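Notes follow once the structure below has been shown.
The values are calculated or read from the model by the stated rules, or taken from the named source; none is laboratory data. Quick caveat: nothing in here was measured; it's all calculated off a predicted structure. We place every Cβ from the backbone using ideal geometry, glycine too, and count neighbours over all the protein chains shown. Accessible surface is based on the protein model in full, side chains and every heavy atom, while ligands, DNA and RNA are left aside. Shrake-Rupley method; radii C 1.70, N 1.55, O 1.52, S 1.80 Å.
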Amino acid sequence: MSIIRVQSLTKRFKRQIRRSGKMSAFKDFAFPRHEWKDAVKEVDFQIDKGEIVGYIGPNGAGKSTTIKMMVGILVPTSGSIEIGGLVPYKNRLENSRKIGVVFGQRTQLWWDIPVMETFRLMQYMYKIPQRQFEENIRIFTEILGIDEFVNVPVRQLSLGQRMRADLCAALLHNPEILYLDEPTIGLDVDVKERVRGFIKEVNRTRETTVILTTHDTSDLDKLCSRVLVIDQGSLMYDGDLEYLKRHYSRHDVVTVETDSEMPENLLRTRFQDDFTQEGRKCHVRIVPEKDSTADCIAWFIRNGRLLDVQIRQTDIDEVIRNLYSTFKRPEKETGSG
Amino acid sequence: MRLYWEIFKRSFQSAAAYRLEMIAQTVSSLFGILIQTSIWLALYRGNAEHASTAGQISIRDMLTYAILSSCVFLLINNQMIWKLGEKIKTGEIAMDLIKPIHLARYLFSESGGLALFRVVFQLLPVLAFGAVIYGIVPPAAPDFVFFAVCLLNGIVLYYLMSFICGLIAFWYMVNWHTNSLFHLVMTLFSGSLVPLWFFPGALSKTVSLLPFPLVFYGPISVYLGKRTIEEEMVLVAMQFAWIALLALLLRWIWGKAVKKLVIQGG
Ligand SMILES: Nc1ncnc2c1ncn2[C@@H]1O[C@H](COP(=O)(O)OP(=O)(O)O)[C@@H](O)[C@H]1O
Ligand SMILES: [Mg+2]
């Protein structure tokens, strides 16, 4: 049974066109011209209770717009959304009790008072029973280490601390659905790791449904089994993360450094054109259908003395570019690319 | 209800973070009192009394009026137009809309907490200063009860008016325009500088139908015993009527504003 049902969801924004050139400001003022922008176009998906779904796409793809419609602060131009049987923008208040939301660039914490005081305020706001409140604070302290800073006013927190506190604030009332819009943006690796662990734990123990938008591939690797890819407002892919990576991240790059320069013809017989040389360094593109990273490294070990090996996986933006070119190939061949 | 009490408490607590601003504001209200009282002293030019539409007004009445007016200002001042404007400009308003709260009530509790803080750390010093330097006319006991009711209503009225003006930012982004206009109208018609009893008769009658004088002139004239008990009751009734009307207006505009936001996306 799906907890989230989205059907041919479309959001069209009206935007003013800014002219350039002579008297442009005056013309813009006197004769404003508008254009319509479909931020989200005919998007369909359903999400089951307890899923963690990654919602990814390049900047301006329409991720935040979709999230805003799901939490009820934006009305769809057409199409429908149902969250746990409710239409979010029609039942904004009722919906708000069942969801937790974190927008990476914003905070819902009270700026001038200690974090704990905001948490207590949340307790009254969502009518959280004392037992549940204490239990949650205990768990959050354990996983996120918030006890280090719960008594510090929010304006004195680091970004990482604030994000951890914001996550807690969004989860104190045990929401059924958690929306995270770029929750790991700007965080250092250690905090990212903690945040991911926390999301995973909350999802496991409470069956919280999680929808997160991100730019960070490792967020997806660690958290999501399913991803939705959106680009220019249209849903490009809905399915397995593994499948997506296998099929669209065609060339992982292995960089090998050897103690002396490898002969070029030797490399060519093994890798054909899929390599470049940079003195003692050698970059090899691994094409999954023909080759594997392990075979490639094994070959280098047999043929030379290795000093260093680096494997760079295709990042998600590259995966999306590949995905995009697969779908839009006809246009690409004729257009500017 | 409990929620709003908790917001009130926290707001009081958070005000402590702005000690310097508080001190600066106290100093500026002291200067305000000095200026106003000097003007009145100059205008009275040694006369003990002046005739007005509310009978004879003594210089002591007038000095008390000026001091109380500064105190009322400290109580009601909430910067709501600026606050709402910022929320709308930065898009922070979205965070308020995804919480199970009524923003108008939330911000009312918040400004209540700040006001209480100002009562303790600004209003009392200012009042003490005024009382020591100029002497304040003490009110008659029944007047004081009416005064308290009138004052509270005035606070609510001012809040409603400023919130409604703040909502204009949903349509018209330049909120300092709204702010200056609102303050201009308040200064002219609320009686915060010149009591309505010195207005020409016709103007005074017209202005007293508006909600603005119900914030300053209304409560202070009651304090000074310039109204009969019937007039006091009419005043309070008018306040309630305006509160009801403005509350409805606020709800209506709020509905429109949210509708605009959820369609245009801020
Ligand atoms: N309120 C708005 N008015 C006009 N255009 C908007 C508005 N909000 C977003 N857009 C446009 O819609 C597109 C999608 O934006 P968004 O959903 O924020 O992208 P993402 O979160 O994927 O980076 C962008 O081109 C953006 O400029
Ligand atoms: Mg975004």
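Just checking the output field for A:86-92: average partner chain Cβ neighbours within 10 Å of each residue's Cβ?
What the average comes to for A:86-92 is 2.
Less than 14 Å Cβ to Cβ from A:Pro32, Lys/Arg counted +1 and Asp/Glu -1: what total charge do the surrounding residues give?
+4
Just order A:194-205, A:16-27, B:187-198 by mean Cβ neighbour count inside 10 Å, highest at the front, would you?
B:187-198, A:194-205, A:16-27
Take the solvent-accessible surface of the protein heavy atoms, probe 1.4 Å, and return the percent of it on the range B:2-265 that carbon and sulfur atoms account for. Write down the numbers at each step before the final one.
Numbers: 8900 of 12290 Å².
Whole-percent figure for carbon plus sulfur exposure: 72.
Which whole-number percentage describes the relative contact order of chain B, with Cα contacts under 8 Å and a sequence gap of 6 or more?
26 percent
Compute accessible area for the range B:6-26 by itself and then with all protein chains, 1.4 Å probe, and report residues whose area falls by 10 Å² or more.
B:Glu6, B:Ile7, B:Arg10, B:Gln13, B:Ser14, B:Ala17, B:Tyr18
Helix B:175-189 versus the longest principal axis of chain B: what is the Cα-based angle in degrees, 0 to 90, to the nearest 10?
For helix B:175-189, the angle is close to 20 degrees.
Arranged from highest to lowest average of other beta-carbon atoms within 10 Å per residue, in what order do the peptides A:111-122, B:239-250 appear?
Put in order of decreasing packing, that is A:111-122, B:239-250.
Provide a whole-number value for the mean count of partner chain Cβ atoms within 10 Å of the Cβ atoms in peptide A:115-126.
Taking all residues of A:115-126 together, the mean is 3.
Can you check what the net charge comes to around A:Asp240, using other residues whose Cβ is under 15 Å from the Cβ of A:Asp240 (Lys, Arg +1; Asp, Glu -1)?
Charge balance near A:Asp240 sits at -2.
Which whole number gives the average, over all residues in B:91-102, of C-beta atoms from other chains lying within 10 Å of the residue C-beta? Let's see the in-between values first.
Numbers: counts 4, 4, 1, 7, 7, 2, 8, 16, 9, 11, 3, 1.
Whole-number average of other-chain Cβ neighbours for B:91-102 is 6.
Leaving out ligands and nucleic acids, and using a 1.4 Å probe, what accessible area per residue does the protein assembly as shown come to in Å²?
On the way: 29290 Å² over 603 residues.
Accessible area per residue: 49 Å².
So which residues in the range A:1-21 end up with at least 20 square angstrom less accessible surface once the other protein chains are there, compared with the chain by itself, probe 1.4 angstrom?
Residues of the range A:1-21 that lose at least 20 Å² of accessible area once the other chains are added: A:Lys11, A:Phe13.
Once the Cα atoms of helix B:59-76 and of chain B are each reduced to a long axis, what angle between those two axes, in degrees from 0 to 90 to the nearest 10, is obtained?
That works out to roughly 10 degrees.
Per the 1.4 Å probe, what fraction of the accessible area of chain A, in percent, lies on carbon and sulfur atoms?
Details: 7950 of 16740 Å².
Exposed carbon and sulfur together represent 48 percent of the surface.
Over the range B:2-265, what portion of Cα pair distances is larger than 31 Å, expressed as a whole percent?
28 percent
Which one of A:His283, A:His173, A:His34 has the biggest mean-square fluctuation once chain A is modelled by GNM with Cα springs under 10 Å?
Taking springs between Cα atoms under 10 Å, the residue moving most is A:His34.
Of A:Ala298, A:Ala169, A:Ala30, which is the most mobile in a GNM of chain A whose springs link Cα atoms less than 10 angstrom apart?
Looking only at A:Ala298, A:Ala169, A:Ala30, the biggest GNM fluctuation is shown by A:Ala30.
Suppose every Lys and Arg Cβ carries +1 and every Asp and Glu Cβ carries -1, with no other charges. What dipole size does chain B come out with about its Cα centre, to the nearest 20 debye?
The calculation lands at about 700 debye.
Mean-square fluctuation check for chain B, GNM, Cα pairs under 10 Å: which of B:Tyr172, B:Tyr18, B:Tyr159 is largest?
With Cα springs under 10 Å in chain B, the top fluctuation among B:Tyr172, B:Tyr18, B:Tyr159 is at B:Tyr18.
Convert each backbone phi in the range B:4-9 into a coupling constant with the Karplus relation 6.51 cos²θ - 1.76 cosθ + 1.60 (shift: θ = phi - 60°), then list the ³J(HN,Hα) values in order as whole Hz, x for Gly and Pro.
6, 5, 5, 5, 3, 4
Quick one: net charge around A:Thr65, please, counting Lys, Arg +1 and Asp, Glu -1 for every other residue with C-beta under 12 Å from its C-beta.
Residues near A:Thr65 contribute +4 overall.
Measure nothing fancy, just the Cα-based angle from helix B:19-44's long axis to the longest principal axis of chain B, in degrees from 0 to 90, nearest 10.
30 degrees
Classify chain A from the C-alpha gyration tensor, please: rounded if a/c falls under 1.5, else prolate or oblate depending on whether a/b exceeds b/c.
Values: a/c = 2.02, a/b = 1.37, b/c = 1.47.
In terms of gyration-tensor shape, oblate.
In the protein assembly as shown, what is the volume of the convex hull around the alpha carbon atoms, normalised per residue and reported in Å³?
232 Å³
Determine the calculated [θ] at 222 nm for chain B from helices alone, applying -39500 (n - 2.57) to every DSSP H run no shorter than 4 residues and normalising by the residue count; nearest 500 deg cm²/dmol.
-24000 deg cm²/dmol
Decide, for the range A:51-193, between rounded, prolate and oblate: order the square roots of the alpha carbon gyration tensor eigenvalues as a ≥ b ≥ c, take rounded if a/c falls under 1.5, and otherwise choose prolate if a/b is larger than b/c, else oblate.
Verdict is oblate for the range A:51-193.
To the nearest 100 Å², how much accessible surface do chains B and A cover up together, summed over both, with a 1.4 Å probe?
On the way: alone 13860 and 18010 Å², together 29290 Å².
For B against A, buried area totals roughly 2600 Å².
Which of the trypsin sites (Lys or Arg not before Pro) found in the range B:17-72 are in a DSSP loop and have at most 15 neighbouring Cβ atoms, other than their own, within 10 Å?
Answer by residue number: B:Arg45.
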